[in-house]
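Take a look at the structure set out below.
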């Protein structure tokens, strides 16, 4: 039986692939595919198209109801979302170093100087920064996972891979 991991979007897909690499886990060799659904509300359609496969899911806390309805209990929930989990796992200072390594430190400083960002916590600013430009969430999902040690994996990712 094959296993399909249903995730909300391409940034989640990139993070799962990066975790597999970090753990030296060849997903394809184990019959595992990661499928980005383009949003949690698409899960019923994707679950139906993978009937007969073992299905697991990874979702944001705000989207849990869709995953529960489609998958029962075979999903893992990020609090509040995957970016938030990764930022907490690394800590803001290490995340800022990753942003610098990715060549976006000046953009982060510009972003932080915007009036709407000044009152937000560093954690909130970092999380919002990752979603401000097309492709940035995917870029940082991969880069933040690559900056982790395996023992720093956030609980939802750790539990997802333990279930495989």
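Computed from the coordinates by the stated procedures, all read-outs in this text should not be read as laboratory data. What you are looking at is a predicted structure, and each value in this text was computed from that prediction instead of being measured. Glycine gets a Cβ as well: all are built from the backbone with ideal geometry, and neighbour counts include every protein chain shown.
With the requirement that a residue be within 16 Å of the chain's Cα centre (by Cα) and part of a loop (DSSP other than H, G, I, E, B), what does region 31-79 give you?
37, 38, 39, 79
Could you figure out which of (1) assigned to a helix (DSSP H, G or I); (2) over 12 Å from the mean Cα position of the chain (by Cα); (3) closer than 26 Å to residue 39 by Cβ isn't true of residue 83?
Unmet condition: (2).
For residue 161, indicate whether it is surrounded by 13 or more Cβ atoms within 10 Å (Cβ to Cβ) and under 17 Å from residue 34 (Cβ atoms).
yes
Condition test on residue 144, is it buried (at least 17 other Cβ atoms within 10 Å of the Cβ) and more than 11 Å from the chain's Cα centre (by Cα)?
For residue 144, the condition - buried (at least 17 other Cβ atoms within 10 Å of the Cβ) and more than 11 Å from the chain's Cα centre (by Cα) - is not met.
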